[in-house]
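Reviewing the structure listed below.
Nothing in this text is a laboratory measurement; each read-out follows from the coordinates by a stated rule. Please read these numbers as outputs of a predicted model, since none were measured by experiment. Note: ideal-geometry Cβ built from the backbone for every residue, glycine included; neighbour counts use all protein chains shown.
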Amino acid sequence: MNQIIEKILDHRSIRSFEDKPVTEEQIRTIVECAQAASTSSYIQAYSIIGVSNPEKKAQLAELAGPQTYVEKSAHVFVFCVDLHRHDIVAEMEGRDLSESIESTEQFMVGCIDAALAAQNAAIAAESMDLGICYIGGIRNNLHAVSEILNIPHRVLPLFALIIGHPKNRSEKKPRLPLANVYHENGYQADQQVFIEQLQAYNETISSYYDRRTKGKRKDTWTEQMANTLGKKSRMYMKEYVEGKGLKKR
């Protein structure tokens, strides 16, 4: 096993950071690694907004939860679907590209491009012994986030990636069994097999939480998911996305 694979498999989210900055060189390298990710048809339908301003970090931290570790991180990267520049492409080339730009397909391309870029950025940061954590909570109020970050039409913030020097490292959280995720030559849809796999995973997760919280928490994964999905979350999103001129067709 090589060092890259070891680093990937050692991933865990970090939410406690030392009061220590990252360098401009580290930030630049992380962004360059993000840009090296694959992009569908070379469209590059994403942008990254770096946030170092303490006031803006504090505002994002409040909107995301509040999640104080956003404010206390060394740097925040906000990954966005970006088809704004493709409006500019249309103007430069004298073409009407609105039907394509507003399609569900191009919105998916932007989401996928941004996610691929972000994971490259995360691995690059971790290779520098920095800690990272993804923050989906910025989608709690994208109207406010867009105002704080001066987001134009056809650009939509998806999530943040916070980085910093880890103060402590929590125990690695167990993932689903490989057999529950990887399906060879077709989807394995036997419900009883699924149930047995998830029951075994429930025991693993319950034991993990029991150890981590010293007995204060023992919930299972299926219980956690049922509670999470049982709550309506960010139900404004469809209207917001369409209002940004995205996913209209």
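A few remarks follow.
- Helix 84-93 axis versus longest C-alpha principal axis of the chain: approximately 30°, rounded to the nearest ten.
- Put in line by how crowded their Cβ is, counting other Cβ atoms within 10 Å and starting with the fewest, Met128, Met1 read Met1, Met128.
- Between helix 24-35 and the chain: long-axis angle, C-alpha atoms, 0 to 90°, nearest 10: 90
- For the chain, the longest principal axis of the C-alpha atoms and the axis of helix 54-63 are separated by about 60°.
- Here region 7-101 is treated with +1 on each Lys and Arg Cβ and -1 on each Asp and Glu Cβ, and its dipole about the Cα centre works out to around 460 debye.
- The 3J(HN,Hα) values that the Karplus relation (6.51, -1.76, 1.60; θ = phi - 60°) gives for region 70-83 are, in residue order, 5, 5, 8, 5, 6, 7, 10, 10, 9, 8, 10, 5, 9, 10 Hz. Gly and Pro appear as x.
- Summing Cβ point charges (Lys, Arg +1; Asp, Glu -1) relative to the Cα centre of the chain gives a dipole of roughly 1000 debye.
- Summed over qualifying helices (DSSP H, 4 residues or more, each -39500 (n - 2.57)) and divided by its residue number, the chain shows a 222 nm mean residue ellipticity of -14500 deg cm²/dmol.
- Once C-alpha pairs closer than 8 Å and six or more residues apart are averaged by separation and normalised to the residue number of region 3-170, the relative contact order reads 38 percent.
- Extending 7 Å from Cα along the Cβ direction at Val181 and again at Ile5 yields two label points whose distance is 1.5 nm.
- Projecting the Cα atoms of Asn141, Ser13, Ile101 onto the dipole axis of region 3-170, where Lys and Arg carry +1 and Asp and Glu carry -1 at the beta carbon, places Ser13 farthest toward the positive end.
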